[in-house]
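Colleague: This structure is in structure tokens; I'll ask about it shortly.
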């Protein structure tokens, strides 16, 4: 099976592409490659992964010729990033991925997955599942709701479409992110002996390891079309619906260097707890990597000197730099050369 991964050098893509290649798939990675360093070219070349530096909004449709499946990961990747520029979020996360799905169907691609987020549920008092009403509170979440709806309707007997609502990701990736909860807490504990928590710490969030996200994508591609076509699946585990206070304690115990919790902000009691029963029952997908595994993995990489903080590891801050550069570029550019992002 030949698989095109959009966002193939991003946080998830840097884990997914090598994983799929190791499993025997023919892999093409498409990405603007803003956030990965030059080592990705050497790595992917050595693994036999074809890397195409391009944009989902503008790439040549001929790239899809001979492709059997698409994992559409390309997006501005969380709520804070999405709120930096609402227009660009809709342009990339919605219009761009609408384009990918429609071009894929036209090219004869058989299977298509679009990654979404459990943030589509917003904050709710009850445990939510795929049948629960959505309550998107941010531009990122609203774009995910829209792309799910408008791409799932493309599914038919020749084109299988599935949406994966991912819990908050964690774990090590060669395109590391240090601006998402578990990764950030672990890095701060390991390097500063501080664990920053927003009061009161009772907020519950769902989490999933980036390796399990990769496994879930393979599972969907290998599932019978009748089980996954037109379906949404929450990806995570019930056991990893965790309060931030408990998460901080896990980090403190696992890093084990005398780190202390520092509280900040006004009390936030907003929570959401997600059920992942459907994926278990219908496609037999269960997670393998728990939170302690992810914390230890990141801590070990820090202690070995293989993980350091760079501008690219803070996605939101790096996007701000790009947007500022684009604004300045527009001031001095000639017509037709105004776009960076």
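We did not get these values from a lab; they are worked out from the coordinates using the rules stated. Keep in mind that what you see is a predicted model, and the values were worked out from it rather than measured. Here the Cβ positions follow ideal geometry from the backbone for every residue, glycine too, while neighbour counts run over all protein chains shown.
Colleague: Mind running the shape call on the range 234-298? Use the C-alpha gyration tensor, a ≥ b ≥ c as the square roots of the eigenvalues: rounded below 1.5 for a/c, prolate if a/b tops b/c, oblate otherwise.
Modeller: Values: a/c = 4.41, a/b = 1.52, b/c = 2.89.
Judged from the Cα gyration tensor, the range 234-298 comes out oblate (a/c at least 1.5, b/c at or above a/b).
Colleague: Using alpha-carbon pairs under 8 Å, 6+ residues apart, how would you state the relative contact order of the range 126-282 in percent?
Modeller: Details: 248 pairs, mean separation 54.4, N = 157.
RCO, the range 126-282: 35 percent.
Colleague: Please give the FRET efficiency for residue 200 paired with residue 68, using the beta carbon to beta carbon distance and R0 = 45 Å, rounded to the nearest 0.05. Walk me through the intermediate numbers first.
Modeller: Numbers: r = 49 Å, r/R0 = 1.09.
For residue 200 and residue 68, the calculated efficiency is 0.40.
Colleague: Multiply the residue separation of residue 222 and residue 193 by 0.36 nm, subtract the distance between their alpha-carbon atoms, and state the gained length in nm to one decimal. Walk me through the numbers on the way to the answer.
Modeller: Working: separation 29, 0.36 × 29 = 10.44 nm, distance 4.33 nm.
In short, 6.1 nm is gained.
Colleague: How high is the relative contact order of the chain, in percent, with contacts defined as C-alpha pairs under 8 Å that are six or more residues apart? Walk me through the intermediate numbers first.
Modeller: Details: 685 pairs, mean separation 59.5, N = 341.
Across the chain, relative contact order equals 17 percent.
Colleague: Sorted from largest to smallest, which semi-axis lengths in Å does the alpha carbon gyration tensor of the range 130-262 give for its equivalent ellipsoid, taking the root of 5 times each eigenvalue?
Modeller: Numbers: eigenvalues 232, 53, 30 Å².
Each semi-axis is the square root of five times an eigenvalue, giving 34, 16, 12 Å.
Colleague: For a bin width of 10 Å, list the pair-distance distribution of the range 1-121 built from all Cα-Cα distances, rounded to whole %.
Modeller: Result returned by the calculation: 14, 47, 32, 7, 0.
Colleague: How big is the chain on each of its three principal axes, counting only the C-alpha atoms and giving the largest first in Å?
Modeller: Largest to smallest, the principal-axis extents are 55, 54, 38 Å.
Colleague: Cα gyration tensor of the range 187-305, axes a ≥ b ≥ c as square roots of the eigenvalues: rounded (a/c below 1.5), prolate (a/b > b/c) or oblate?
Modeller: Details: a/c = 3.44, a/b = 1.71, b/c = 2.01.
Oblate shape, in that a/c is at least 1.5 and b/c is the bigger or equal ratio.
Colleague: Separation of the range 227-244 and the range 74-153 by C-alpha centroid, Å?
Modeller: Between the Cα centres of the range 227-244 and the range 74-153 lies a distance of 15 Å.
Colleague: Along the Cα→Cβ direction, 7 angstrom out, place labels at residue 292 and residue 46. What is the inter-label distance in nm?
Modeller: Simple spin-label model gives 3.3 nm for this pair.
Colleague: Among DSSP bridges having both ends in the chain, what percentage is antiparallel? Round to the nearest 5. Before the final figure, lay out the partial values.
Modeller: Working: 4 of 42 bridges.
Bridges in the chain that DSSP calls antiparallel: roughly 10 percent.
Colleague: Taking 0.36 nm per residue of separation and subtracting the Cα-Cα distance, what length does fully extending residue 158 through residue 314 add?
Modeller: Numbers: separation 156, 0.36 × 156 = 56.16 nm, distance 4.01 nm.
Gain on stretching residue 158 to residue 314: 52.2 nm.
Colleague: Please compute the modelled spin-label separation between residue 137 and residue 54, points set 7 Å along Cα→Cβ, answer in nm with one decimal.
Modeller: Spacing of the two 7 Å Cα→Cβ label points: 3.9 nm.
Colleague: Could you list 25, 140 in order of exposure, starting from the residue whose Cβ has the fewest other Cβ atoms within 10 Å? Before the final figure, lay out each step's value.
Modeller: Details: 25 18, 140 25.
Neighbour counts put them in this order, fewest first: 25, 140.
Colleague: How many nm separate the modelled label positions at residue 284 and residue 123, each set 7 Å beyond the Cα in the direction of the Cβ?
Modeller: Result for the modelled spin labels: 4.1 nm.
Colleague: Please report, in whole Å³, the volume per residue of the convex hull around the C-alpha atoms of the range 64-175.
Modeller: Details: hull volume 13.4 nm³, N = 112.
With only Cα atoms used, the range 64-175 gives 119 Å³ per residue.
Colleague: Peptides 62-75, 106-119: what's the order by average Cβ count within 10 Å, highest mean first? Spell out each step's value before the answer.
Modeller: Numbers: 62-75: 20.6, 106-119: 22.6.
Sorting 62-75, 106-119 by mean packing, highest first, produces 106-119, 62-75.
Colleague: Could the peptides 244-251, 179-186 be put in order, highest first, of the mean number of other beta-carbon atoms found within 10 Å of their residues?
Modeller: 179-186, 244-251
Colleague: At a 10 Å Cβ-Cβ cut-off, how would you order 59, 207, fewest neighbours first? Working shown, then result.
Modeller: Details: 59 20, 207 26.
The fewest-first ordering by Cβ neighbours comes to 59, 207.
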